[in-house]
Amino acid sequence: MAFNRRTFLRQGINFTTLLAASTLSASVLGATRLAKVSGNPFYLGVASGDPRPDSVVIWTRLARETLGNTLSRNEPVAVDYEIAESASFSTVYRKGSAAALPELGYSVHLDLQGLSPGKEYYYRWMIGGEVSSVGRTKTAPAIDATPESFRFGFASCQQYEHGYFTALDHMAKEKFDLIVHLGDYIYEESWGDENVRLHDAPEMYTLDDYRARYELYKSDTDLQAAHASAPWAVTWDDHEVDDNYANDIAIDEQTPEQLLTRRAGAYQAFYEFMPIRLPSGRQGASMQIYRPLQFGTLMDMTILDTRQYRSDQACRDGMKTSCDQHRDLSRTLLGEAQKDWLFRRLHNSEATWNVMAQQVMMGRLLRRDEIDEEMYLMDIWDGYPHERDELLARLKAAETTNPIVLTGDIHSNWVNNILSDFSDDSSEVIATEFVGTSISSGGDGSDVSSTTAQTLSDNPHIKFYNRQRGYVSCNLTKDLWQSDYKVLDKVTEPGHPIRTRASFVVEAGNPGAFEA
Ligand code: FE
Ligand code: CA
């Protein structure tokens, strides 16, 4: 069949797509095609992510031990895929091949292009007579479309030893338009003495260590179910590398050189196991994962990275009273390049809801020590007050419509009104923050803790606080945002039911949360 430029345009495929497709087929042509594999190569299931109106990334990873002699030759391996509009695959919409690269641990990232906007697709992988489980995915709405509604869930912090990933199985059942994961997808270390299952090894340092840890986590069938249920948008927090690291600075005696070497392995492993759209999975110790996702006119989402570029935590980290370093105006959480990009995006966006998907709590969390001095957590935005002020001033100056902040990291649920001046309770509400609890980190947790009443009275901009496990389900229309806080009574036993503990809404044009 002869293709010319017009044929491609008529089919809605542009030349960038064509170029990508030809690069891909060239790499697939060089890949070894296996007639047979030994066992199930799709041991970690399937995943998809970073949806755009016309494309989505689909992912899988092949079990090395099923590949036979190919392994010793270190060659790319061809994997076939099929796309359908129903889970039964009664009609195959498209099929083709992609390459699993040995240098990326035989993971496959295929940026499927030329898809229709706002549409559900099903995909599966095939190699040597073996077929993967089926994944459901969904493209983003067209750039200029205003969908009636959009439903997504967000989650974070899944320490494997602390509990079962039951909440992720509940997320899978929701068949979301999108699942956002805000980091601490794996943990590099163990703590706690009530662990329900164990890591396979102690702390990780090398690429192979991190790969083994992702393999362990992704062997969890609840996690696989959540990946197969919807496209994901992922970012990382600290534990994908090392607890509370800041750029090249560790909290212990590792040198910057040691931490950067470690970071390169950790970042590559993150890429290998995540359905993420990046130009390359091997970028060394620097890997830009901050990126935008747009969902029609309804929502613009910036996926942020508050670990890789930040200044070291002030005052030796932890919950501390202020010190000179804390007040230093040159300190940054986002880094200059990401901040410029974010500010431009927030300035230019015409979306109804402008969502910053990030890691650490933005709302002030004031606590007082025994002599009544103010204390702040130096790892969260409280530790970078100047940059928070700068961001809030920008949101106000740019008249960014309906800014929403999504947060993980802190293993508890919070709803915060983000004030222009946290020292003045009556100051203007600039944005609304929804902080989601952990999937499992910290074990079962509890509804409230002994410090709750004092914390809430010291911080009246905090509208809700809860320490159970679960996730947050968000439903948005052009008039209303609703966040449902879904919790489980126990994660130390499998199979507990999920329930909605509280619901909060934000009206478009009126920042700040109200209990529904
Ligand atoms: Fe965490
Ligand atoms: Ca964290």
Inset, instruction - Would you please put 320-328, 405-413 in order of how densely packed they are, using the mean number of other Cβ atoms within 10 angstrom per residue and starting with the highest? - result: 405-413, 320-328
Inset, instruction - Amide H neighbours of residue 205 under 5 Å, at least 5 residues apart or on other chains, H built in the peptide plane: list them. - result: 210
Inset, instruction - Would you give the gap between the C-alpha center of the range 151-194 and the C-alpha center of the range 403-457, rounded to a whole Å? - result: 19 Å
Legend entry - Computed over the chain: relative contact order in percent, which uses C-alpha pairs under 8 Å that are six or more apart: 14 percent
Legend entry - Amide H contacts under 5 Å for residue 367, placed H, 5+ residues apart: 375
Inset, instruction - Determine the sum of side-chain charges near residue 94: Lys and Arg each +1, Asp and Glu each -1, restricted to other residues whose C-beta is under 14 angstrom from that of residue 94. - result: -2
Inset, instruction - May I ask for the angle, rounded to the nearest 10°, between helix 207-218 and the longest principal axis of the chain, with both axes built from Cα atoms and the value confined to 0 to 90°? - result: 90 degrees
Inset, instruction - Quick one: work out Rg over Rh on the C-alpha atoms of the range 107-251, Rh as Kirkwood radius. - result: 1.01
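Hey, what did the range 287-360 get for relative contact order, percent, Cα under 8 Å, at least 6 apart? Present the calculation step by step, with values, prior to reporting the outcome.
Details: 88 pairs, mean separation 32.7, N = 74.
Result for the range 287-360 is 44 percent.
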Inset, instruction - Measure nothing but the geometry: give the 0 to 90° angle between the long axis through the Cα atoms of 385-397 and the longest principal axis through the Cα atoms of the chain, rounded to 10°. - result: 80 degrees
Inset, instruction - Only residues of the range 330-362 count here: report those whose backbone N is under 14 Å from the spot 7 Å along Cα→Cβ of residue 146, or say none. - result: 350-353
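Highest first, please rank the peptides 213-219, 428-434 by the mean number of other Cβ atoms sitting within 10 Å of their residues. Could you put the intermediate results ahead of the total?
Details: 213-219: 18.9, 428-434: 21.3.
Going from most to least packed, we get 428-434, 213-219.
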Legend entry - Shape metrics for the range 372-516, restricted to C-alpha atoms - Rg then Dmax, Å: 15.8, 49
Legend entry - Of 171, 229, 270, farthest towards positive along the dipole that unit charges on Lys, Arg, Asp, Glu beta carbons give the chain: 229
Legend entry - For the chain, alpha-carbon Rg over 2.2 N^0.38 Å: 0.97
Legend entry - the range 290-516, relative contact order in percent, only Cα pairs under 8 angstrom and at least six apart counted: 16 percent
Inset, instruction - Report, in whole Å, the centroid distance computed from the Cα atoms of the range 265-329 and the range 330-379. - result: 12 Å
Legend entry - Estimated distance in nm for a label pair at residue 126 and residue 73, the labels positioned 7 Å out from Cα along Cα-to-Cβ: 2.2 nm
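Multiply the residue separation of residue 63 and residue 198 by 0.36 nm, subtract the distance between their alpha-carbon atoms, and state the gained length in nm to one decimal. List each step's numbers first, then the result.
On the way: separation 135, 0.36 × 135 = 48.60 nm, distance 2.18 nm.
Gain in length upon complete extension: 46.4 nm.
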Legend entry - Assigned charges on the beta-carbon of Lys, Arg, Asp, Glu; the range 445-500 dipole about Cα centre (debye): 100 debye
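Send over the semi-axes of the range 369-433's equivalent ellipsoid, whole angstrom and largest first, taken as the square roots of 5 times the C-alpha gyration tensor eigenvalues. List each step's numbers first, then the result.
Numbers: eigenvalues 97, 47, 28 Å².
Working from the Cα gyration tensor, I get semi-axes of 22, 15, 12 Å.
Against the empirical 2.2 N^0.38 Å scaling, what ratio does the C-alpha Rg of the range 136-183 come to? Show your work: numbers first, answer last.
Working: Rg = 13.6 Å, N = 48, 2.2 N^0.38 = 9.6 Å.
That ratio works out to 1.42.
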Inset, instruction - Report the net charge of residues surrounding residue 284, where surrounding means a beta-carbon distance below 15 angstrom and charges are Lys +1, Arg +1, Asp -1, Glu -1. - result: -1
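For the range 288-414, what is Rg from Cα atoms divided by 2.2 N^0.38 Å, rounded to two decimals? Before the final figure, lay out each step's value.
Details: Rg = 15.3 Å, N = 127, 2.2 N^0.38 = 13.9 Å.
Taking N as the residue count of the range 288-414, the ratio is 1.10.
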Inset, instruction - Any lysines with Cα under 19 Å of the residue 218 Cα? List them, leaving off those in the same chain fewer than 8 positions away. - result: 173
Inset, instruction - Using the Karplus curve 6.51 cos²θ - 1.76 cosθ + 1.60 with θ = phi - 60°, work out ³J(HN,Hα) for each residue of the range 349-356 in order, rounded to whole Hz, and write x for Gly and Pro. - result: 5, 10, 6, 5, 10, 10, 9, 9
Inset, instruction - Quick one: which residues, 5 or more positions from residue 464 or on another chain, have an amide H under 5 Å from its amide H? H modelled 1.01 Å from N in the peptide plane, none for Pro or chain starts. - result: 415
Inset, instruction - List the aspartates and glutamates whose Cα lies under 17 Å from the Cα of residue 138, skipping any in the same chain that are fewer than 8 positions away. - result: 50, 54, 82, 85, 111, 120, 148, 174, 177, 300
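For residue 419, what charge total do you get from the other residues with a beta carbon under 9 Å from its beta carbon, if Lys and Arg give +1 and Asp and Glu give -1?
Values: positive: 364; negative: 421, 424, 425, 428.
Every neighbour counted, the sum reads -3.
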Legend entry - Separation of the residue 38 and residue 390 label points, Cα + 7 Å toward Cβ, nm: 5.7 nm
Inset, instruction - May I ask for the angle, rounded to the nearest 10°, between helix 336-348 and the longest principal axis of the chain, with both axes built from Cα atoms and the value confined to 0 to 90°? - result: 90 degrees
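When ligands, DNA and RNA are left out and all protein chains stay put, how many square angstrom of accessible area per residue does the chain have with a 1.4 Å probe?
39 Å²
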Legend entry - Whole-percent carbon and sulfur share, accessible surface of the chain, 1.4 Å: 49 percent
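The values are calculated or read from the model by the stated rules, or taken from the named source; none is laboratory data. None of the values given here were measured: they were computed from a predicted structure. When we count neighbours, we look across all protein chains shown, and the Cβ atoms used for this are built from the backbone with ideal geometry, even at glycine. Quick note on the areas: whole protein, heavy atoms, side chains included, nothing else; ligands and nucleic acids left out. Shrake-Rupley method; radii C 1.70, N 1.55, O 1.52, S 1.80 Å.
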